[in-house]
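Engineer: Sharing a structure with you now.
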Amino acid sequence: MRIVFFNGPVQNGDFIFADKPGKAVGIRAAAALNSLLGEPAVPHLWNTVTLVGDLRHQAELASGVDRYQHEHDLIRAKYPEGVLPAAGVFTDTDPVVARLAHALIRDRLETGVLSVERTATVVCSSCAHMAGIGSLVCKACGSTDLVRQLAPQLTAGRSADAPVLGPDDVHGRRLVHLENIARNVPDQLILSRTRAHGISLAPFGLAGTVLDPRAALHIAVLAAAERHGAERAFMLATETAVAHVAAYGLPFRSHSGIRLGYAVHGKVPYGDPLLPRLCEVHRLGEVQRTLFEEWFLPLYALRERGGIHPGKLPALVKFFRKVSLALRGPEAERGVGSVRRAVRGGDMGWLMDVRTVPHLLPAFPGRDVVGRW
């Protein structure tokens with residue numbers, strides 16, 4: 001089975017990677033895992049359907065740039081020197097994603113997984129934005145004039161005892177607590193939203209609404225996986241993110257022989273002031289430090305799925321310094337084979353094996369064929 005990893009779509013907010021490297025953990029982890037498996041690079045995935053994005057573009061309408069181009073310009077600016085990755089980027093509104101979304105929705109409507117029903121929602125009478133149940137203020141315009149109304153909506157229902165996440169949905173060791181958190185959602189979910197940008201639901205009689213971005217991001221991963229030829233796709237995301245989106249992705253976790261699951265990673269303390277000092281003390285050169293921060297730490301975050309505690313950084317820097325100085329031996333190919341089997345099974349124990357990791361580093365810039373810097 002061909003397993004491929006993709007980052008959970010990154011929200012296209014107001015940041016650049018140079019200032020917020022934590023936003024790139026999923027991207028970096030996916031790249032490292034796919035490289036270990038011998039897979040070619042995959043596109044970086046982006047979430048552009050946000051209320052913040054609507055308001056930001058509305059404030060810049062005078063520029064004359066359409067929303068799709070506006071989002072892509074913002075994405076490009078996040079990369080060093082504005083250079084996009086060689087494998088490109090996918091957003092949750094790209095034409096290929098929208099086509100797949102419409103096909104999947106149509107199929108799920110025919111099979112009864114989804115339905116269009118008159119459903120009670122809370123709407124702002126000033127701007128028609130759909131607010132959440134229990135909201136007191138409209139997040140789009142700030143009005144407090146919210147009214148309850150019945151209107152057709154795209155909905156997904158499930159039986160009360162049906163799990164949102166099962167043991168096979170999460171890569172590696174089972175996370176029972178995450179399964180319990182993820183199922184804490186209503187039995188009926190509304191999948192249509194009022195946004196100025198997104199995958200239109202007009203073809204299904206729901207003009208003026210788009211597919212909930214928590215559902216659309218799953219379809220973006222499926223579209224990227226289909227283009228890549230994957231049979232099993234895993235979306236890299238934190239526990240919090242998975243708990244937030246899993247129920248909305250439930251109707252969209254399979255397509256044309258592809259199964260979609262989650263690979264959970266923790267947060268990386270890139271902003272800890274001790275990190276640069278540790279790299280200096282342990283004499284990590286520029287290339288070594290880049291490899292430590294962009295390859296080793298994202299992979300280690302898959303071991304520490306609750307997050308890497310800053311207190312572990314001294315030991316991790318010291319370990320990486322040791323393995324980065326080790327020479328590559330004749331057992332390198334055998335080591336790579338065992339690591340690939342472990343990665344496929346979700347086992348990251350090999351990452352702290354001083355005999356194994358040195359044989360994986362020569363594939364990266366800065367070392368010669370025997371592993372010297």
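The values are calculated or read from the model by the stated rules, or taken from the named source; none is laboratory data. Everything numeric in this text was worked out from a predicted model, so none of it was measured. Positions of Cβ are backbone-derived with ideal geometry, glycine not excepted, and every protein chain shown enters the neighbour counts.
Engineer: Quick one: which residue in A241, A223 is touching a residue at least 60 places away in the same chain (Cβ under 8 Å), part of a helix (DSSP H, G or I) and touching a helix residue (DSSP H, G or I) at 6+ places or on another chain (Cβ under 7 Å)?
Structural biologist: On the way: A241 fails: touching a helix residue (DSSP H, G or I) at 6+ places or on another chain (Cβ under 7 Å).
Result: A223 is the single residue among A241, A223 that is touching a residue at least 60 places away in the same chain (Cβ under 8 Å), part of a helix (DSSP H, G or I) and touching a helix residue (DSSP H, G or I) at 6+ places or on another chain (Cβ under 7 Å).
Engineer: Would you call G261 over 21 Å from F90 (Cα atoms) and not in a helix (DSSP H, G or I)? I'd like the intermediate steps shown before the answer.
Structural biologist: Numbers: over 21 Å from F90 (Cα atoms): no; not in a helix (DSSP H, G or I): yes.
In short, no.
Engineer: Keeping to the stretch 131-151, report how many residues are over 30 Å from the mean Cα position of the chain (by Cα) and touching a residue at least 24 places away in the same chain (Cβ under 8 Å).
Structural biologist: Residues meeting the conditions: 6.
Engineer: Next question. When you go through A103, A98, A128 one by one, which is the residue that is more than 14 Å from Q153 (Cα to Cα), loosely packed, with under 14 Cβ neighbours inside 10 Å and in contact (Cβ under 8 Å) with a residue 60 or more places away in the chain?
Structural biologist: Values: A103 fails: in contact (Cβ under 8 Å) with a residue 60 or more places away in the chain; A98 fails: loosely packed, with under 14 Cβ neighbours inside 10 Å.
Answer to the check: A128.
Engineer: Please go through the stretch 307-328 and give me each residue that is surrounded by fewer than 17 Cβ atoms within 10 Å (Cβ to Cβ) and at pLDDT 95 or above, ordered by number. Break it down stepwise before answering.
Structural biologist: So the first thing to find is which residues in the stretch 307-328 are surrounded by fewer than 17 Cβ atoms within 10 Å (Cβ to Cβ), and the list is 307, 309-312, 314-315, 318, 322, 325-327.
If the condition is that a residue be surrounded by fewer than 17 Cβ atoms within 10 Å (Cβ to Cβ) and at pLDDT 95 or above, then G307, H309, P310, G311, K312, P314, A315, K318 are the ones that fit.
Engineer: Hey, another quick one. Is at least one residue of the stretch 272-280 touching a His at 6+ places or on another chain (Cβ under 8 Å) and not small (G, A, S)? Don't jump to the end; show me each part of the working.
Structural biologist: If we filter the stretch 272-280 for residues that are touching a His at 6+ places or on another chain (Cβ under 8 Å), which is where we start, we get none.
No, there is no match, as no residue in the stretch 272-280 is touching a His at 6+ places or on another chain (Cβ under 8 Å) and not small (G, A, S).
Engineer: Let me ask another. Sort out which residues of the stretch 243-269 are of a type in the set (S, T, Y), surrounded by 22 or more Cβ atoms within 10 Å (Cβ to Cβ) and more than 15 Å from L178 (Cβ to Cβ), and write them in order of number. Step through it out loud before you land on a result.
Structural biologist: Quick first cut of the stretch 243-269, residues of a type in the set (S, T, Y) only: 248, 254, 256, 262.
If we keep only those that are surrounded by 22 or more Cβ atoms within 10 Å (Cβ to Cβ) too, we end up with 248, 262.
Correct list: Y248 only.
Engineer: Report, ordered by the first and then the second residue, all pairs with beta carbons closer than 6 Å, sequence separation of six or more or different chains, a first member in the stretch 36-56 that is within 15 Å of V97 (Cβ to Cβ) and aromatic (F, W, Y), and a second member that is part of a loop (DSSP other than H, G, I, E, B) and modelled with pLDDT of 95 or more.
Structural biologist: What qualifies is W46/P9; W46/N12.
Engineer: Quick one: would you say L61 is in contact (Cβ under 8 Å) with a residue 24 or more places away in the chain, over 18 Å from the mean Cα position of the chain (by Cα) and not assigned by TED's automatic domain parsing to the domain that holds A196? Walk me through it before giving the result.
Structural biologist: Values: in contact (Cβ under 8 Å) with a residue 24 or more places away in the chain: no; over 18 Å from the mean Cα position of the chain (by Cα): yes; not assigned by TED's automatic domain parsing to the domain that holds A196: yes.
The answer is no for L61.
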